[in-house]
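What follows is a short report on a single structure.
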Amino acid sequence: MTESPPRSRLRSVGLLGAAVAVVVPLLMACDKPQPTVTVFTGTKAKQVSAQPVCTIVGRCQTDLGKIARITAASGSDILIDVPKNLAQAGWLVAAFTTDAAGKNTPLSTPGAGTSTMHGNLSTKVSVPAQSAGSYFLQVSSLKPSSQLTTWLVGVDLTN
């Protein structure tokens with residue numbers, strides 16, 4: 001006669017199975033192509049890769065290799081296009097400078113960032129009217145997702 005396994009072993013196997021059922025889909029989501037946003041300045045377009053999700057909550061560093069750099073003329077506009085699923089989820093654009101200590105300061109230029117948008121596939125933001133310098137644009141999804149949800153663009157100003 002075969003003995004049945006103890007209940008504690010069955011419970012452990014059940015818990016392991018539940019953990020695998022949760023973790024595997026999350027790991028598989030990492031293999032899926034992550035959404036990109038497109039930034040247009042003048043006649044140039046730049047695809048921007050998403051940052052690690054943890055940059056939003058501050059548990060890890062920004063991936064500097066994924067910060068796209070663009071050049072924009074002082075006083076011009078930048079056009080930002082997002083994928084349909086991001087537009088439907090809601091998104092916004094923040095414009096800020098960062099000092100040597102890592103402190104972010106929002107830009108005071110009207111129109112440099114946006115309020116919350118839903119359903120919009122693109123928006124224009126204003127470039128500050130100054131002769132030199134740089135700043136960042138951050139595009140953020142408002143709805144949590146298994147995909148990456150924040151994009152950073154470094155903007156270098158020209159005359």
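Values in this text are rule-based calculations from the coordinates and carry no lab data. The model shown is predicted, which means the values in this text are computed figures rather than measured ones. Heads up, the Cβs are rebuilt from the backbone with ideal geometry, glycines too, and the neighbour counts pull from every protein chain shown.
Full extension of the chain between LEU79 and SER108 yields a length gain of 8.6 nm, computed as 0.36 nm times the residue separation minus the alpha carbon distance. 3J(HN,Hα) along the stretch 87-98, derived from phi through the Karplus expression 6.51 cos²θ - 1.76 cosθ + 1.60 where θ = phi - 60°, amounts to 4, 5, 6, x, 7, 8, 10, 10, 10, 7, 10, 10 Hz, with x in place of Gly and Pro. Distance between the 7 Å Cα→Cβ label points at THR98 and LYS124: 2.9 nm. With 0.36 nm allotted per residue and the present C-alpha distance subtracted, the SER49-SER134 stretch has 28.6 nm of extension available.
With a Cα cut-off of under 25 Å and a minimum spacing of 8 residues unless on different chains, the lysine pairs in the stretch 37-158 number 14.
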